[in-house]
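As structure tokens, the structure follows; a few thoughts come after it.
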Amino acid sequence: MSEAAVIRSQRAREGAPRVLEPTTLPAHSARLYRAAYALCGSRDDAEDLVQETYARVLRRPRLLRRGDDIVYLLRVLRNTWISSSRAAATRPTTDGAVDIELFADHRHGEAELTLELKAIYAAIRTLTEPLRETITAVDIAGLTYREAARALGTKPGTIMSRLFRAREEVAGQVDPTVGATR
């Protein structure tokens, strides 16, 4: 192992700032894709969003602390999505059909699960932006409340309340009887 590699390894263990290594990006692909899909609602758009996120990260490397990789990547993904959404606002819209094939579990009732996932993702897309971003960060990307708060630039308490409201709204849209029992 070269001296530079030993120093990088030691700094990483100590939590010293470091540049995100391009070789670590594939480890985050699945989480980024799920988050992108929740934001975009289509397979192609989600793949494009992840690609653009990687391009932005590689164009402008930033110093990160250990464990901040996914938080940073999700923040860049979110900002990239916001930028592309603003640009797309002037373009004609598509039908917004949900491509849910990647999320289907082929071992169980595929058609039923696909319909359920379509309903959930459609409900998520109707949420206000703060609620949609929160449920995407925590329930889809798997961030902790603290990580989601850092990624979204807010406090963990805000994440908890937004997540509660987002889950309630999604549950109410997917199963209208949920809100009726309270």
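No value in this document is a laboratory result; all are computed from the given coordinates. Note that this is a predicted model, so its numbers are computed, not measured.
Here's how it looks for S42: its modeled amide H is under 5 Å from none belonging to a residue 5 or more places away or on a different chain. Summarising the amide proton neighbourhood of L20: residues at separation of 5 or more, or on other chains, whose placed amide H is nearer than 5 Å comprise R62, L64.
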